[in-house]
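I have placed the structure first, in the form of structure tokens, so that the comments after it can refer back to it.
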Amino acid sequence: MNDLRYSIEDNKLFEAIADVAYLAGQKGFSSGDSRCDVAQFIEWAKEFEAVHEDTNWDEQDYCDTIDAFTTAKLKVELK
């Protein structure tokens with residue numbers, strides 16, 4: 001019952017996708033095409049995970065980091 005169906009890397013990506021989508025929604029982002037937005041959030045989360053592959057989250061605050069990353073992406077997208 002407790003076996004993991006996904007790898008740790010999968011779970012980290014899923015968390016990043018959820019966080020990016022939550023933060024974008026919290027900041028009122030919507031392009032008007034939800035499927036397009038979801039695809040964009042997945043791409044951003046993949047990029048975040050690639051950039052932070054070796055980040056030590058015991059030394060750097062994850063929430064602040066993903067918030068800053070998402071905010072920067074939204075600023076570029078909204079231009």
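The numbers here are math on the coordinates, done by the rules we state, and not lab data. The model shown is predicted, which means the values in this text are computed figures rather than measured ones. Cβ atoms come from the backbone with ideal geometry, glycine included; neighbour counts cover every protein chain shown.
Label the chain by shape, choosing from rounded, prolate and oblate, from the square roots a ≥ b ≥ c of the eigenvalues of the Cα gyration tensor; if a/c is under 1.5 it is rounded, and otherwise prolate applies when a/b is larger than b/c, oblate when it is not.
oblate
Would you mind checking the tilt of helix 62-78 against the longest principal axis of the Cα atoms of the chain, expressed as 0 to 90 degrees and rounded to 10?
30
What do you get for chymotrypsin sites (Phe, Trp or Tyr not before Pro) in segment 1-55 restricted to DSSP loop and a cutoff of at most 11 other Cβ within 10 Å of the site's Cβ?
Sparse-neighbourhood loop chymotrypsin sites (Phe, Trp or Tyr not before Pro): TYR6.
DSSP loop (so not H, G, I, E, B), at most 15 other Cβ within 10 Å: list which GluC sites (Glu not before Pro) in the chain pass both filters.
The qualifying sites are GLU53, GLU59.
For segment 18-24, what does the Karplus curve 6.51 cos²θ - 1.76 cosθ + 1.60, with θ = phi - 60°, yield as ³J(HN,Hα) per residue in whole Hz, taken in order and with x for Gly and Pro?
Karplus values, whole Hz, x for Gly and Pro: 4, 5, 4, 5, 4, 5, 4.
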